[in-house]
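Take a look at the structure below.
The values are calculated or read from the model by the stated rules, or taken from the named source; none is laboratory data. Note that this is a predicted model, so its numbers are computed, not measured. For neighbour counting, all protein chains shown are included, and Cβ atoms are generated from backbone atoms with ideal geometry for every residue, glycine included. The area values use the complete protein model at the heavy-atom level, side chains included, leaving out ligands, DNA and RNA. Shrake-Rupley method; radii C 1.70, N 1.55, O 1.52, S 1.80 Å.
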Amino acid sequence: MNNEFMKEALKLAKKSGKDIPIGAVIVKDGKIIAKAVNEREKKHNVIYHAEMLALEKACKKLKNWRLNDCEIYITLEPCPMCASAILQARIQKIYFGAYDLLNGAFCSKSDMRKIMDYNAEVKGGIMEEECTKILKDYFEGLRNA
């Protein structure tokens with residue numbers, strides 16, 4: 001686990017525009033191979049979560065859907081769709097910042113590893129304060145607009 005990669009995910013999240021500020025970074029052999037932000041609002045597509053876009057980029061770069069030797073860093077705990085895709089890609093190390101009490105699918109609401117009977121290392125709460133603040137600021141901005 002490396003906080004520098006979470007810092008990169010946070011930088012990305014801050015550039016998300018009108019979308020919920022979530023950044024995702026995929027790392028292989030200590031180097032970033034893919035990164036993305038949410039683009040659901042921008043592209044009008046429900047599956048354009050940061051994790052899904054980063055997975056797509058990583059698979060394309062490696063020319064393989066198996067990402068066994070990769071790690072993923074996300075500013076928010078993944079939802080069930082993203083958690084499932086991460087596990088399907090066989091990523092073994094999953095790190096996230098803020099917990100998602102409504103939809104979190106690794107710790108908060110459910111644990112996709114149990115549902116899919118898949119063993120992967122998951123660690124939440126990495127730079128949690130910073131990751132939570134960017135989300136709170138975003139939603140406060142929406143309420144005040």
Anyone know which of 95, 118, 73 comes out most mobile in the 10 Å Cα GNM of the chain?
118
The chain - mean residue ellipticity at 222 nm from DSSP helices (-39,500 (n - 2.57) per run, n ≥ 4, rounded to 500)
-12000 deg cm²/dmol
Just the accessible area per residue of the chain, please: how many Å² with a 1.4 Å probe?
56
Can you list residues from other chains, or at least 5 along the same chain, whose modelled amide H is less than 5 Å from the amide H of residue 34?
26
Suppose each label sits 7 Å from its Cα in the direction of the beta carbon; what would the residue 42-residue 144 distance come out to in nanometres?
2.4
DSSP beta bridge pairing in the chain, given as percent antiparallel to the nearest 5:
60
Past the 31 Å Cα-Cα mark, which pairs from 11/123; 42/114; 61/136?
42/114; 61/136
Is there a quick way to get the dipole size of the chain? I mean about its Cα centre, with the Cβ of Lys and Arg at +1 and of Asp and Glu at -1; what is the value in debye to the nearest 20?
520
The range 60-145: which trypsin sites (Lys or Arg not before Pro) are DSSP loop and have at most 16 other beta-carbon atoms within 10 angstrom?
63, 66, 90, 109
If you average the sequence gap of Cα pairs under 8 Å that are 6 or more apart and divide by the length of the range 31-145, what percent do you get for the contact order?
19
Taking the chain as a Gaussian network, where each spring joins two C-alpha atoms under 10 Å apart, which residue of 25, 122, 46 fluctuates the most?
46
Which labelled figure in (i) 15.5; (ii) 16.1; (iii) 14.9 is Kirkwood radius over Cα pairs in Å, once derived from the coordinates:
(iii)
